[in-house]
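Notes follow once the structure below has been shown.
The values are calculated or read from the model by the stated rules, or taken from the named source; none is laboratory data. This one's a predicted model, so the numbers in the text were calculated from it and none came from an experiment. Virtual Cβ from ideal backbone geometry, glycine too; neighbours counted across all protein chains shown. Keep in mind that these areas ignore ligands, DNA and RNA; they rest on the heavy atoms of the full protein, side chains included. Shrake-Rupley method; radii C 1.70, N 1.55, O 1.52, S 1.80 Å.
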Amino acid sequence: MNESSRQRLLDDAEVYALHATTEAERRDIETERLRVDETARAQFDVLVGEIHETLALAAAADAAPAPERLRQRVLDQVAVSDQEPTVHKLPPNVTPLHRHRRERSKAWRYSMVSAAAAVVVAVGGVVVVSQTMGNDAQPSQADQIVAAPDSRQVTAEFPGGGSATVAYSLSQNAVVVDLDGVPQPPPGRVYQMWFVDGSPRSAGVVTEDQLTSEDGTVVDGLGSSTNFAFSLEPAGGSAQPTEVLTMLTLGA
């Protein structure tokens with residue numbers, strides 16, 4: 001499989017999910033899906049699934065409004081993704097097939113973008129904005145981890161209130177940590193994160209910004225860890241955990 005076949009299939013995921021193709025084009029896309037390798041096929045299926053999920057959420061009567069900055073982020077991504085990519089020069093009376101598909105789906109795109117922009121999708125416990133409305137835009141590292149085919153998530157309660165959610169991907173070798181309602185540590189103390197694969201490895205101290213941020217914190221170096229832990233340590237952190245607060249089991 002060459003890279004152009006893979007990219008062509010991923011470019012067609014949106015119009016396929018929106019049923020914005022002819023029957024013949026739909027069969028062509030399904031045939032192409034069977035020709036590509038397993039990784040590309042999984043990526044295509046994830047994109048189609050996310051689009052269907054976004055449509056369902058947008059149609060939900062009780063959908064909650066997203067913060068204005070997240071809504072604007074979706075609208076900005078749509079504007080970027082609608083810029084026509086560079087193609088090889090063709091005779092003036094010939095239009096590439098992908099452009100026909102793009103034009104047919106454009107009406108669908110803008111009819112649902114306002115609703116989609118108002119929906120916050122919680123994937124793996126980390127609040128992110130669906131990337132399916134603009135898959136030509138470069139996703140952040142956190143988005144790539146959450147959207148990876150092997151991504152999983154676990155959540156645990158924090159002593160004293162709040163919760164910690166960890167989304168993780170072996171293929172990305174990283175985790176996304178989201179702390180929700182976790183109280184400030186006592187004066188002179190800090191929360192410290194740990195990868196546990198036999199002996200604990202420090203994953204860093206939780207900073208003030210990370211504790212209060214609405215965005216997830218990316219931590220690289222997952223490796224073969226089977227657990228992810230939080231401890232309470234003296235300011236500056238410790239070489240080994242001294243007071244473990246909670247531990248999350250990372251399954252296969």
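So the values come out like this:
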| item | result |
| --- | --- |
| Number of the condition not met by THR155 [criteria: (1) part of a strand (DSSP E or B); (2) open to solvent by 60 Å² or more (accessible area, probe 1.4 Å); (3) within 18 Å of GLY237 (Cα to Cα)] | (3) |
| Members of region 148-188 found to be hydrophobic (A, V, I, L, M, F, W, C), within 14 Å of LEU248 (Cβ to Cβ) and touching a residue at least 40 places away in the same chain (Cβ under 8 Å), listed by number | VAL154, ALA156, PHE158, ALA164, VAL166, ALA167, VAL175, VAL176, VAL177 |
| Filter result (more than 21 Å from the chain's Cα centre (by Cα) and on the phi > 0 side of the Ramachandran plot) within region 205-252 | GLY236, GLY237 |
| Failed criterion for ASN173 (all others in (1) touching a Leu at 6+ places or on another chain (Cβ under 7 Å); (2) open to solvent by 20 Å² or more (accessible area, probe 1.4 Å); (3) on the phi < 0 side of the Ramachandran plot hold) | (3) |
| Enumeration of residues in region 167-213 that are of a type in the set (D, E, K, R), closer than 18 Å to GLY236 by Cα and either touching a Phe, Trp or Tyr at 6+ places or on another chain (Cβ under 9 Å) or in a strand (DSSP E or B) (or both) | ARG189, ARG201 |
| Residue check for VAL176: in contact with a helix residue (DSSP H, G or I) (Cβ under 7 Å, 6 or more places away or on another chain) and at pLDDT below 95 | yes |
| Residue pairs meeting the criteria (Cβ under 8 Å; at least 6 apart or on separate chains; first farther than 14 Å from GLU50 by Cα and of a type in the set (A, V, I, L, M), in region 11-27; second assigned to a helix (DSSP H, G or I) and open to solvent by 50 Å² or more (accessible area, probe 1.4 Å)) | ALA20/ARG104; ALA20/TRP108 |
| Subset of region 131-152 (residues that are assigned to a loop (DSSP other than H, G, I, E, B) and at pLDDT 85 or above) | ALA148, PRO149, ASP150, SER151 |
| Criterion: part of a loop (DSSP other than H, G, I, E, B) and closer than 18 Å to GLN141 by Cα - qualifying residue of GLY223, GLY236, GLY160 | GLY223 |
